[in-house]
Amino acid sequence: MTFGWQTLLSAIFPALVIVAALKDATSFTIPNWISLALVAAFAPVALACGVTLSTIGLAFGVGAVALLAGMAMFAFGWIGGGDAKLLAASALWLGWPAVLPFIVITALCGGALALALLGLRSMWLRPIAVRGPAWVERLATPGAAAPYGVAICAGALATCPDGVVAQAISLLG
C-alpha cells in the first residue's frame, strides 16, 4: 500500500470525530454508528498502516479502560452514553501513550465548553442566541446538557498526530 492510501485511511478517525462533534452540538446525540465505525475500522486501518499486532492489542486495552471510565462517568451523570462510547473509540485510535494528553486536553476543552455555554446561556447572550437556528437555541437553554462530544473531538484532533496510526505512518515516510 502506498503512503497516500495510508494517509487517506488515517483520515477516517478525524473525519468521524468531527461528524460526532457536529451531530452532538446540533442534536445533543452521538449516533452509535459513529463509534461502531471507529471501532470496526481501527484494526484494518492500523494493519494497513504498519501498526504492529502488539500495539493494536495495547490500543484495544486502552479503549477498554476508556470505555469503563466512560461508563462510570455516564453512571454519575457527568457525560452522556454517546460521549462515553466516543471517548472509548477515540482512545482506541490514539492508543498508548497518546491517550494521556488526549484525556487532559479533552478535560480542558470540556471546561472551556462549559464556560462558553455559561456565557451563551447568560441573560446578555441568550436573547440573541434564541433568534438563531433551533440547535443554537437548544445550546443556549439554561440547564440543558453540554455536548461533550465537542470537547472529545477537540482532544482527539489535538492528539491525533501522536496516535498509533499516525506514528506508524510517520515511520514509513
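Values in this text are rule-based calculations from the coordinates and carry no lab data. Quick caveat, the model's predicted, so the values are computed rather than measured. Heads up, the Cβs are rebuilt from the backbone with ideal geometry, glycines too, and the neighbour counts pull from every protein chain shown.
Taking θ = phi - 60°, what integer Hz values does the Karplus form 6.51 cos²θ - 1.76 cosθ + 1.60 yield along segment 7-13, in sequence order, with x for Gly and Pro?
Here the 3J(HN,Hα) series is 5, 4, 5, 5, 6, 4, 4 Hz.
When the Karplus curve 6.51 cos²θ - 1.76 cosθ + 1.60 is applied with θ = phi - 60°, which whole-Hz ³J(HN,Hα) does each residue of segment 75-85 get, with x for Gly and Pro?
Couplings: 4, 7, x, 7, 9, x, x, x, 5, 4, 5 Hz.
May I ask you to list the residues of segment 151-165 whose amide nitrogen lies under 20 Å from a point 7 Å from Cα along the Cα→beta-carbon direction of A112?
151-163
For G95, list long-range residues whose amide hydrogen, built 1.01 Å from N in the peptide plane, is under 5 Å from its own amide hydrogen.
Residues meeting the amide H criterion: V164.
Applying a 10 Å radius around every beta-carbon, put 116-126, 28-38 in order of their mean neighbour count, most first.
On the way: 116-126: 13.5, 28-38: 18.0.
Ranking the peptides 116-126, 28-38 by packing returns 28-38, 116-126.
Among S122, L36, I56, which residue has its Cα positioned farthest towards the positive end of the charge dipole of the chain, with +1 placed on the Cβ of Lys and Arg, -1 on the Cβ of Asp and Glu, and the dipole taken about the Cα centre?
About the Cα centre, the residue reaching furthest to the positive side is S122.
About its Cα centre, how strong a charge dipole does the chain have in debye, to the nearest 20, once Lys and Arg get +1 and Asp and Glu get -1 at the Cβ?
380
Here are some values of log10 I(q)/I(0) by the Debye sum over Cα atoms at q = 0.10, 0.14, 0.15, 0.20 Å⁻¹: (i) -0.40, -0.71, -0.79, -1.23; (ii) -0.44, -0.80, -0.89, -1.33; (iii) -0.50, -0.83, -0.91, -1.33. Which one was computed from this structure?
(i)
For E137, what charge total do you get from the other residues with a beta carbon under 12 Å from its beta carbon, if Lys and Arg give +1 and Asp and Glu give -1?
Values: positive: R121, R126, R131, R138; negative: none.
Within the 12 Å Cβ shell, the charges total +4.
Which one of V45, V17, V104 has the biggest mean-square fluctuation once the chain is modelled by GNM with Cα springs under 10 Å?
So, out of V45, V17, V104, the one fluctuating most is V104.
Each residue of segment 37-46 in turn: what ³J(HN,Hα) in whole Hz from Karplus with 6.51, -1.76, 1.60 and θ = phi - 60°, glycine and Pro shown as x?
Values, residue by residue: 5, 4, 5, 5, 7, 4, 4, x, 5, 4 Hz.
With each pseudo-label sitting 7 Å past Cα toward Cβ, what's the S170-T29 distance in nm, one decimal?
Distance between the two pseudo-spin positions: 3.8 nm.
Could you tell me the distance between the Cα centroids of segment 36-67 and segment 111-173, to the nearest Å?
Rounded to whole Å, the Cα centres lie 25 Å apart.
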